[in-house]
Amino acid sequence: MEKQKPRDLIRSISFAYWAILLGLVTFIVVTSLFVSNVGETVITDPQTVFIIKTTLIFILIVIAPVSYLIPQKQINRIDKSLNLIEKLRFYYTASIIRFVAMNTAGVIIAVGFMLTADTNLIFLQAVVLLFFIIYKPTPFKIASDLELDEKERQQIMPE
């Protein structure tokens, strides 16, 4: 079996990020097209719409910090004495958890928008996409998160 290179793992992390982000954006666009073309919503009762909006806001308030804290805790627990490949594998796992958590929040909000057609939910989607932008994995961010030494930094930096 061929030895995996650090830059290949960086590309895998980046690919996972873009795949999950683009999947979410596609789902948001599809739900927006559905709402604009169907015209009528599934849920029209103002009280129910309010409850759904409040629940979605609460879900985002919970998921956003959790999507940062749990993976960051995993990243901080990575043993500094491991080789670079192992560190990057652990980082990959933590990153996937982070991306999937925010993707889950985005999908739930998109479904809520599809059910209620409440355009205020678009602002919640903007928050989710903002978190995705903040979470974007770059070699510099990865090196900082993993507290890599200069030799390891050179191995993951683009040429």
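I'd like the full set of residues that are of a type outside the set (Phe, Trp, Tyr) and either surrounded by 12 or more Cβ atoms within 10 Å (Cβ to Cβ) or outside any helix (DSSP H, G or I) (or both), limited to the stretch 135-147. Within the stretch 135-147, LYS136, PRO137, THR138, PRO139, LYS141, ILE142, ALA143, ASP145, LEU146, GLU147 meet the criteria. Any residue that is open to solvent by 40 Å² or more (accessible area, probe 1.4 Å), under 28 Å from PRO158 (Cβ atoms) and touching a helix residue (DSSP H, G or I) at 6+ places or on another chain (Cβ under 7 Å) - is there at least one of those in the stretch 121-134? Yes, the stretch 121-134 contains a residue that is open to solvent by 40 Å² or more (accessible area, probe 1.4 Å), under 28 Å from PRO158 (Cβ atoms) and touching a helix residue (DSSP H, G or I) at 6+ places or on another chain (Cβ under 7 Å). Taken over the stretch 6-39, the criterion of being over 22 Å from PHE132 (Cα atoms) and touching a residue at least 40 places away in the same chain (Cβ under 8 Å) is satisfied by PRO6, PHE34, VAL35. Scanning the stretch 71-120 for residues that are assigned to a helix (DSSP H, G or I) and closer than 30 Å to SER32 by Cα yields a count of 22.
Considered as a group, the residues in the stretch 88-113 that are open to solvent by 60 Å² or more (accessible area, probe 1.4 Å) and of a type in the set (A, V, I, L, M) include one that is nearest to ILE43 (Cα to Cα), and that residue is ILE108.
Among the residues making up the stretch 73-106, those that are farther than 27 Å from PHE27 by Cα, touching a residue at least 60 places away in the same chain (Cβ under 8 Å) and of a type outside the set (Lys, Arg) are ILE75, ILE78, LEU84, ILE85, LEU88. Annotation: of all residues in the stretch 59-85 being over 16 Å from PHE131 (Cα atoms) and surrounded by fewer than 13 Cβ atoms within 10 Å (Cβ to Cβ), the one that is nearest to the chain's Cα centre (by Cα) is LYS73. Assessment of the stretch 148-158 against the conditions (over 17 Å from LYS5 (Cα atoms), surrounded by fewer than 19 Cβ atoms within 10 Å (Cβ to Cβ) and either in contact with a strand residue (DSSP E or B) (Cβ under 9 Å, 6 or more places away or on another chain) or touching a residue at least 60 places away in the same chain (Cβ under 8 Å) (or both)) yields no matching residue.
The values are calculated or read from the model by the stated rules, or taken from the named source; none is laboratory data. Here the structure is a predicted model, which is why all the values come from computation and not from measurement. Here Cβ is always computed from backbone atoms with ideal geometry, including for glycine, and neighbour counts include all displayed protein chains. Each accessible area value is taken on the protein alone, full model and side chains, heavy atoms only, with ligands, DNA and RNA left out. Shrake-Rupley method; radii C 1.70, N 1.55, O 1.52, S 1.80 Å.
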